[in-house]
1. What list of ³J(HN,Hα) couplings, whole Hz, do you get for the range 181-191 from phi and the Karplus terms 6.51, -1.76, 1.60, once you set θ to phi - 60° and write x for glycine and proline?
2. Would you work out the relative contact order for the range 1-71, in percent, from Cα pairs under 8 angstrom that are 6 or more residues apart?
3. Using the count of nearby Cβ atoms within 10 Å as a rough guide to exposure, how do Ser146, Ser176 rank from fewest to most?
4. Taking the Cα atoms only, what angle lies between the long axis of helix 51-71 and the longest principal axis of the chain, rounded to 10 degrees?
5. Give the shape of the range 85-194 as rounded, prolate or oblate, defined through the alpha-carbon gyration tensor: a ≥ b ≥ c are the square roots of its eigenvalues, a/c under 1.5 means rounded, and otherwise the shape is prolate if a/b is larger than b/c and oblate if not.
6. With charges only on Cβ, +1 for K and R and -1 for D and E, what is the dipole size of the chain about its Cα centre, in debye, rounded to 20?
7. Once you keep just the Cα pairs under 8 angstrom separated by 6 or more residues, what percentage relative contact order results for the range 78-194?
8. Figure the gain on full extension for Phe69 and Lys6 (residue separation times 0.36 nm, minus the Cα-Cα span) and round it to one decimal in nm.
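Read-outs: derived from the displayed coordinates by stated rules, not from any lab. Everything quoted here is computed from the prediction, not taken from an experiment. In this analysis, Cβ positions are derived from the backbone assuming ideal geometry, glycine residues included, and neighbour counts consider all displayed protein chains.
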Amino acid sequence: MPPKPKVTRDDIVAAAFELVRKQGHEQLNTRKLASELGCSTQPLLYWFDSMEDIRRETYAAADGFHTVFLMEGIGQADDPLLALGINYVRFGFEEPNLFRFLFQTDGLGAQDIEALLDGPDLGQMIGIVAQEVGIAQSDARAVFLSLFIAAHGYASLLANNAISFDGQIVSMALTSAYRGAIAQLEEKDHEAAR
């Protein structure tokens with residue numbers, strides 16, 4: 001019976017995740033990853049066909065971490081959508097390397113904003129917006145998109161050290177985007193009723 005490998009597939013993904021988290025996705029390569037694991041490159045190639053496969057698995061791990069981060073405290077929030085937006089911005093500030101890996105590389109692949117909005121996680125949040133505000137699902141998508149664009153812009157600036165984090169300003173900016181989108185819908189409905 002051959003000896004059990006000392007470095008597992010999960011070990012490799014965990015090390016790759018931490019490498020990206022601490023040093024950035026640009027540092028993710030076989031030599032650096034093997035060094036982090038304290039092994040040769042052989043175990044990496046034993047468990048994965050290529051570095052691209054490791055990158056995909058690492059992206060999935062980062063995406064799962066991001067989802068958990070976003071949902072933190074949402075159930076207790078007075079306004080779950082606003083809390084989600086603030087968590088998104090906070091992620092850009094607290095985890096800049098992961099943010100850039102997830103949203104400023106080609107990791108999203110073929111997913112555009114419409115595909116993200118139609119996904120199960122965001123679909124659920126859009127449903128909450130529709131219910132809370134008392135608007136149609138399509139209008140809730142427009143409200144969510146306004147909030148997402150504001151949050152993503154803010155998070156991107158933070159992740160790239162272009163601005164400093166101020167939770168109060170973030171909250172005010174996202175609240176303005178959210179309420180502004182709702183007010184625009186109400187105005188549109190008011191004009192249509194005339």
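1. So the Karplus estimates, Gly and Pro as x, are 5, 5, 4, 5, 5, 4, 5, 4, 5, 5, 5 Hz.
2. Numbers: 49 pairs, mean separation 25.7, N = 71.
Relative CO of the range 1-71 lands at 36 percent.
3. In increasing order of surrounding Cβ atoms, one gets Ser176, Ser146.
4. 40
5. Note, shape of the range 85-194 comes out oblate.
6. In total the dipole reaches around 700 debye.
7. RCO, the range 78-194: 38 percent.
8. 19.6 nm is the gain from fully extending Phe69 to Lys6.
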